[in-house]
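Peer 1: One structure is given below, represented as structure tokens, and several questions about it will come after.
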Number of protein chains: 2
Amino acid sequence: MSQRVSDDAMAEVIAETRSDSSSRRHGGGDDAVVTDLPYMHRVGTPPKQPLFQEIKHSLMETFFADKPFHKFKDQSGSRKFVLALQSLFPILEWGRDYNLKKFRGDFVSGLTIASLCIPQDLAYAKLAYLDPWYGLYSSFVAPLVYAFMGTSRDIAIGPVAVVSLLLGSLLSSEISDTKSHDYVRLAFTATFFAGVTQLALGVCRLGFLIDFLSHAAIVGFMAGAAITIAMQQLKGLLGIKNFTTKTDIVSVLHSVWSNVHHGWNWETILIGLSFLIFLLITKYIAKRNKKLFWVSAISPMISVVVSTFFVYITRADKRGVSIVKHIKSGVNPSSANEIFFSGKYLGAGVRVGIVSGMVALTEAVAIGRTFAAMKDYSLDGNKEMVAMGTMNIVGSLTSCYVTTGSFSRSAVNFMAGCQTAVSNIVMSIVVLLTLLVLTPLFKYTPNAVLASIIIAAVVNLVNIEAMVLLWKIDKFDFVACMGAFFGVIFKSVEIGLLIAVAISFAKILLQVTRPRTAVLGKLPGTTVYRNIQQYPKAAQIPGMLIIRIDSAIYFSNSNYIKERILRWLIEEESQRTESELPGIQNLIVEMSPVTDIDTSGIHAFEELYKTLQKREVQLILANPGPVVIEKLHASKLTDLIGEDKIFLTVADAVATFGPKGVK
Amino acid sequence: MSQRVSDDAMAEVIAETRSDSSSRRHGGGDDAVVTDLPYMHRVGTPPKQPLFQEIKHSLMETFFADKPFHKFKDQSGSRKFVLALQSLFPILEWGRDYNLKKFRGDFVSGLTIASLCIPQDLAYAKLAYLDPWYGLYSSFVAPLVYAFMGTSRDIAIGPVAVVSLLLGSLLSSEISDTKSHDYVRLAFTATFFAGVTQLALGVCRLGFLIDFLSHAAIVGFMAGAAITIAMQQLKGLLGIKNFTTKTDIVSVLHSVWSNVHHGWNWETILIGLSFLIFLLITKYIAKRNKKLFWVSAISPMISVVVSTFFVYITRADKRGVSIVKHIKSGVNPSSANEIFFSGKYLGAGVRVGIVSGMVALTEAVAIGRTFAAMKDYSLDGNKEMVAMGTMNIVGSLTSCYVTTGSFSRSAVNFMAGCQTAVSNIVMSIVVLLTLLVLTPLFKYTPNAVLASIIIAAVVNLVNIEAMVLLWKIDKFDFVACMGAFFGVIFKSVEIGLLIAVAISFAKILLQVTRPRTAVLGKLPGTTVYRNIQQYPKAAQIPGMLIIRIDSAIYFSNSNYIKERILRWLIEEESQRTESELPGIQNLIVEMSPVTDIDTSGIHAFEELYKTLQKREVQLILANPGPVVIEKLHASKLTDLIGEDKIFLTVADAVATFGPKGVK
């Protein structure tokens, strides 16, 4: 039946689409105004699609917005197979154009990020309460897998500070004895399920779910995590032995203070602080002069080498300076049968895996997008998730823990001139060589230097500029940011994350329940109608009230919108009565921004119409969109309101029902 | 600093707001087109509000949209006290205008709904596995409380079928022995917390939360619940002794079938079916002729009287016809010390209370709104919740179970000519008299008649018309409706409710992640730009692509919007290259529907700008709203894009950057 209605409407549109003179003409001085002019164009109803088409279209737009199967169309079977392989392993596609010039860029940047990542790996593993070599393992396998499957050219893969902290915090709340073998096994289990989560999101094309963590919440969460991480490093930097296991700032400062007399070790402090100052200075230099980025990129490695050498010759470890002591040599052992696929830790592994997998993904996608926009290539979000997922699943089977894209190393990678993911392969090979040959050299590396490297690395995560910008642009975003920030530093990483997610959702819910409405006025000398608050020159039309609804009308806001419109009407009427202006006979609802309406919205309009009728006010609609006009027809609301009360523009409606003389 | 930027912008607006001739003039044939004309109006920035004002305004709009404190302004202390009392007890306000004429209406309608509610009360209490007199108790206290505090004039208060079913289902899953005293105590506990939930929602002004249950989901849930309730009545109607305790349709039909040979009682079936037919016929008569509504209103009472008399004289109860047997006489006893305020059932009571309180509220508010719209008076949602909450709290202390507005009885109340909530008081007094004097008469009432009354009452809840309308108007709404419907009938009431809520939320999330965008074209002979899919006559401008974003831009959709715009660009470019049309140099983004933008949205625009720059396409914005332009200024995005690329209308932008000759 709705088919019939819309066919009729189409016929009307065609019949009335004439090209004769329009009442919308203006500026011609005092020409006589004819209010009953036929308009050039009536409100159009788009051709009705068959039901299946309609559902298909809307599913496609939701889940396959990027048209992934587009290129498979009209191809032979073998070609389809090649395309499918290329789509799973993008290296097969871009690898064919690979050349020596590109390799030069990738080689240099690969070496640079390797020198940066090795000391970071040792340090970050400790954040997750894992032995340092697991960091190196993770920087060997994961980047290799990513290089074959990822679509970003600039991202540098490996363990990162925030995810390591989150993982350590979540895992240690499940197994408090972090030295036990079960702890390591749980870490692999969580890594496996983090990978499964990421893969599932990619395969089910639910990548848009990570968009629900707002930028503002991430800024706050990251800053909080950075401060928490830095505070944790006070243990290594000050050589404190009895350090709290809690991560909140109060416990940590209390722990630092209570150890002030007997726990601090001045040799450790000397080493730690001097290298921290060195690292911060190089960071500052690199920030001032972008060309000197390599200074800060190699400074961690220099710090490690110099401090290790220094400790070795002075034997400072005998005087209380804590050192790395032992690093397992050799390539990653298999961990396939370490993962808990049953038993009491399975549930914990799944939970921790889902949370850390989502956070890792959020970070990776944010980084990937940033650099893709800078170089103007497109990043396939769902493909990225499949790549990340596979990388972590493979990683969990080969003694790696959760890896993702590192912001600082990706930036260095970018500045060092990387061309493709081959720079990750170069880095991976350097890490492999380190694992095979160089690990004994790290024996005398002081933990204080690793602490300095972590602090210097996370300093950038406290993005004060971004926070100031949030404050300036959107106060609500700032609140979300601060909520996450204080949640992390005063309670724990998990609480901070929870606050971030909760605030993000609260914002969405607010947005859909309380849409904006605006009263419009006519800009003098034009037929343009605009918000009278934004354009104080815009004048209201006597006897008319023009209201724009700035949102789709759904069950969550239909009642509010109806009541808000009535409130505008009552307020305006009492104001006009006070100023002795004529009362309101016509209420024009400008529907341009209303992209969709559901059955609750239709009901709200029916109720609005009835209420207005009781008040002897005429309801007029202007410019309903394609979906809306179709639904108005389907629900026969057009018959109730009257087809002649639905106009293409506000100007048309005013010309027809407004006072004479207003064009 | 954003203060400075916006002040500058204001100065500009004022300086450039001239009333000289505009390039928007058209229709004058082949006048020379001057593309660099100064426009009449620039995009305006509204006067900046101080931060506190801004926050206050947005909080007010969210929580105090109805301005509840408006009338307290500038009043003396004693007057404020009177107003506060009136606001808590609206009867003090409308009671002063009460007169005999109104009372006549209320008296007749009160008697009518009393005759309808007494048999229903006996029947509905059994749905909640409570003794029948609790239904009568609930119809005595609750309507009295509501009459003093409620703002609806038409709603009829008391136990209702769906809430009774839900309560019975939830309570019996906590305490399976429904005959135990603990079961009754838990029912009072749940009622108390249902009231607390409702009161809290009202006081915290969180009434908008109930809007999150969509109309479509409610239609499906109600229909499913009605069928489940009707199926449950087969026990009483067929006189089956061993009936399943499950509510899903498969278990019930299996139970009915397995009892076919020895469990059915023909006398019971005869009584039940004949009165069911009688009730359905009277319903049909009332539906055909609205004036005969009283026929169906009194038919349940007639059925009870006739069937009771019949059983009494034939002593059919001796032949297996199940009868009510005993109804406690006298007024409600206190149940204040029956409520579990501690112990193992407290948690269950709170949970059940919250769920049943929310569902009861949803029903009451829907009814209240419907009738308020029909008579054009305003219903204060938050005040309604306070009234409902108080009513259920008081009820839980006086042996009532959860009550709310009954749709069928409210409709009868309305049609019988009720004027105010006094009709509830009349009904309440009749119920009181019944409790005091008439209960012994119900001893021989056959349970089969109560079953018939329930079936006849819930038939209307299966609203097939509404379902057909959902299908026609919005397919997604239809899916939500069916999901809730099948969830209730094939699993349980709770599962159906859960599905309804989940689908409603999924819809909101979809709405905020995948907003619509449209390509615009110029309607021939006008300066109006419209969706080319809706208006096939609308023509695209050579060298330009005009895209309208149909949603506020937030973190949840900013990335999608950016990528969608780029996809439009790529698709359009390849199409135009095929048709040998000029390439696209200008991308106009029509921002009229974009009511707000957050920091993620600003980032997305920055990235869009950079990508477009790489492609040598110019980004132009048309008609950003007040909030958006302020944020564009605050983030300095206007400097990046260029103030001269921001226009009041698409037509202005086309006139400036479009090909010569297009006006």
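What follows is calculated from the coordinates using simple rules that are stated; it is not laboratory data. Quick caveat: nothing in here was measured; it's all calculated off a predicted structure. Note that each Cβ is placed from the backbone with ideal geometry, even for glycine, and that neighbours are counted across all protein chains shown.
Peer 1: Just want the ordering: B:VAL355, B:VAL462, A:VAL458, from fewest to most Cβ atoms lying within 10 Å of their own Cβ.
Peer 2: Numbers: B:VAL355 21, B:VAL462 18, A:VAL458 24.
With the fewest neighbours first, B:VAL355, B:VAL462, A:VAL458 line up as B:VAL462, B:VAL355, A:VAL458.
Peer 1: Sketch the reach of a paramagnetic label on B:LEU510 as a point 7 Å from Cα along Cα-to-Cβ, and name the residues of the range B:212-256 whose backbone nitrogen lies under 13 Å away.
Peer 2: It comes to B:217, nothing else.
Peer 1: Let me check I have the definition right: for the range A:516-614, take the eigenvalues of the Cα gyration tensor, multiply each by 5, take square roots. What are those semi-axes in whole Å, largest first?
Peer 2: Numbers: eigenvalues 112, 58, 21 Å².
Equivalent ellipsoid of the range A:516-614: 24, 17, 10 Å, largest first.
Peer 1: I would also like to ask the following. Whose amide H sits under 5 Å from the amide H of A:THR404, counting only residues 5 or more places off or on another chain, with H placed in the peptide plane?
Peer 2: When sequence neighbours closer than 5 places are left aside, the close amide H contacts are A:GLY158, A:VAL160.
Peer 1: Would you please calculate the Kirkwood hydrodynamic radius of the protein assembly as shown over all C-alpha pairs and express it in Å, rounded to one decimal? Please list the in-between numbers first.
Peer 2: Details: mean 1/r = 0.0285 Å⁻¹.
That comes to 35.1 Å for the protein assembly as shown.
Peer 1: Could I have the simple spin-label model distance between A:PHE69 and B:VAL305, label points 7 Å from Cα toward Cβ, reported in nm to one decimal?
Peer 2: Distance between label points: 6.8 nm.
Peer 1: Round to the nearest 10 and give me the degree value, 0 to 90, for the angle of helix A:100-127's Cα axis relative to the longest principal axis of chain A.
Peer 2: 70 degrees
Peer 1: Moving on to the next point. Just want the answer: with Cβ charges of +1 for Lys and Arg and -1 for Asp and Glu, which residue in A:THR228, A:THR314, A:LEU206 is farthest toward the dipole's positive end in the range A:98-509?
Peer 2: Value computed over the given set: A:THR314.
Peer 1: What shape does the range A:343-493 have by the C-alpha gyration tensor, where a ≥ b ≥ c are the square roots of the eigenvalues, rounded means a/c under 1.5, and otherwise prolate means a/b greater than b/c and oblate the rest?
Peer 2: Rounded.
Peer 1: Give the lysines reachable from B:LYS522 as a straight Cα distance under 24 Å; neighbours fewer than 8 places away on the same chain don't count.
Peer 2: A:LYS48, A:LYS522, A:LYS645, A:LYS663, B:LYS537, B:LYS562, B:LYS645, B:LYS660, B:LYS663
Peer 1: Enter the angle in degrees (range 0 to 90, nearest 10) between the Cα long axis of helix B:345-375 and the first principal axis of the Cα atoms of chain B, meaning the one along which they spread out most.
Peer 2: Roughly 70 degrees between the two axes.
Peer 1: Local charge sum around B:SER255 (other residues, Cβ-Cβ under 15 Å, Lys/Arg +1, Asp/Glu -1)? Walk me through the numbers before you get to the answer.
Peer 2: On the way: positive: B:LYS235, B:LYS241, B:LYS246; negative: B:ASP248.
That works out to +2.
Peer 1: Determine the calculated [θ] at 222 nm for chain B from helices alone, applying -39500 (n - 2.57) to every DSSP H run no shorter than 4 residues and normalising by the residue count; nearest 500 deg cm²/dmol. Each step should come with its number before you reach the end.
Peer 2: Values: 26 runs with 388 residues, N = 663.
That calculation yields -19000 deg cm²/dmol at 222 nm.
Peer 1: Moving on to the next point. Which entries in B:LYS102/B:LYS283; B:LYS328/B:LYS443; A:LYS614/B:LYS375 show an alpha-carbon gap greater than 18 Å?
Peer 2: B:LYS102/B:LYS283
Peer 1: Of all the C-alpha pairs in chain B, what % are more than 51 Å from each other?
Peer 2: Cα-Cα pairs in chain B separated by more than 51 Å: 31 percent.
Peer 1: Right, something else. Here are some pairs, B:LYS290/B:LYS318; A:LYS56/A:LYS383; A:LYS636/B:LYS631; A:LYS290/B:LYS610; which of them have Cα atoms lying more than 30 Å apart in this structure? Don't skip to the end; give the middle numbers.
Peer 2: Numbers: B:LYS290/B:LYS318 41 Å; A:LYS56/A:LYS383 22 Å; A:LYS636/B:LYS631 41 Å; A:LYS290/B:LYS610 20 Å.
Among B:LYS290/B:LYS318; A:LYS56/A:LYS383; A:LYS636/B:LYS631; A:LYS290/B:LYS610, the Cα-Cα distance tops 30 Å for B:LYS290/B:LYS318; A:LYS636/B:LYS631.
Peer 1: Would you mind classifying the range A:111-216 by shape? Square roots of the alpha carbon gyration tensor eigenvalues, ordered a ≥ b ≥ c; an a/c under 1.5 is rounded, otherwise it is prolate if a/b is larger than b/c and oblate if not.
Peer 2: In terms of gyration-tensor shape, oblate.
Peer 1: What order do you get for B:ARG369, A:ARG615 when you list them from fewest to most C-beta neighbours inside 10 Å?
Peer 2: Fewest-to-most Cβ neighbours within 10 Å comes out as A:ARG615, B:ARG369.
Peer 1: Could you give each residue of the range B:195-204 its phi-based ³J(HN,Hα) in whole Hz, using Karplus coefficients 6.51, -1.76, 1.60 with θ = phi - 60°, and x for Gly or Pro?
Peer 2: With coefficients 6.51, -1.76 and 1.60, one gets x, 4, 4, 5, 4, 4, 4, x, 5, 7 Hz.
Peer 1: Cα centroids of the range A:323-394 and the range A:585-604: how far apart, whole angstrom?
Peer 2: Taking the Cα centre of the range A:585-604 as reference, the centre of the range A:323-394 is 47 Å away.
Peer 1: Tabulate in residue order the Karplus-calculated ³J(HN,Hα) for the range A:495-500, using 6.51 cos²θ - 1.76 cosθ + 1.60 with θ = phi - 60°, rounded to whole Hz; enter x for Gly and Pro.
Peer 2: For the range A:495-500, the Karplus-derived couplings read 4, x, 5, 4, 4, 4 Hz, x marking Gly and Pro.
Peer 1: Can you list the residues, at least 5 places off or on another chain, whose amide H is less than 5 Å from the amide H of A:THR445, using H built in the peptide plane?
Peer 2: Excluding prolines and chain starts, which carry no amide H, the hits are A:VAL324, A:LYS325.
Peer 1: Which angle between 0 and 90 degrees, to the nearest 10, do you get for helix A:381-397 versus the longest principal axis of chain A when only C-alpha atoms count?
Peer 2: For helix A:381-397, the angle is close to 30 degrees.
Peer 1: Also, quick follow-up: Within 10 Å of each Cβ in A:640-650, how many Cβ atoms from other chains are there, averaged over the peptide?
Peer 2: Values: counts 0, 0, 0, 0, 0, 0, 0, 0, 5, 5, 0.
The mean count of partner-chain Cβ atoms within 10 Å per residue comes to 1.
Peer 1: Related question: Among B:LEU436, B:THR577, B:ILE565, whose Cα lies farthest out toward the positive end of the dipole of chain B, if unit charges sit on the beta carbon of Lys, Arg (+1) and Asp, Glu (-1)?
Peer 2: The listed residue farthest towards the positive side: B:LEU436.
Peer 1: Pick out, in residue order, every one of the GluC sites (Glu not before Pro) in the range B:585-638 that is DSSP loop and has at most 10 other C-beta atoms within 10 Å; say none if there are none.
Peer 2: When the GluC sites (Glu not before Pro) of the range B:585-638 are filtered for loop state and at most 10 Cβ neighbours within 10 Å, B:GLU616 remain.
Peer 1: Would you please give the residues with an amide H less than 5 Å from that of A:GLN618, counting only those at least 5 places away or on a separate chain, with H modeled from the backbone geometry?
Peer 2: A:ASN586, A:LEU587
Peer 1: Still on this structure: What ranking of A:ARG288, A:ARG567 emerges when the number of other C-beta atoms within 10 Å of each C-beta is taken as an exposure proxy, fewest first?
Peer 2: Final ranking by Cβ density, sparse to dense: A:ARG288, A:ARG567.
Peer 1: Can you find, among B:TYR137, B:THR390, B:VAL426, the residue sitting farthest towards the positive end of the charge dipole of the range B:93-509, where Lys and Arg contribute +1 and Asp and Glu -1 at Cβ?
Peer 2: Checking the options against the dipole of the range B:93-509, the answer is B:VAL426.
Peer 1: Next up: Among all the lysines, which ones have a C-alpha under 20 Å from A:LYS246's C-alpha, if same-chain residues fewer than 8 places away are not counted?
Peer 2: A:LYS246 reaches A:LYS126, A:LYS179, A:LYS235, A:LYS491.
Peer 1: May I ask you to derive the FRET efficiency for B:VAL203 and A:ARG288 from their Cβ-Cβ distance with R0 = 51 Å, giving the value to the nearest 0.05?
Peer 2: It comes out at approximately 0.35.
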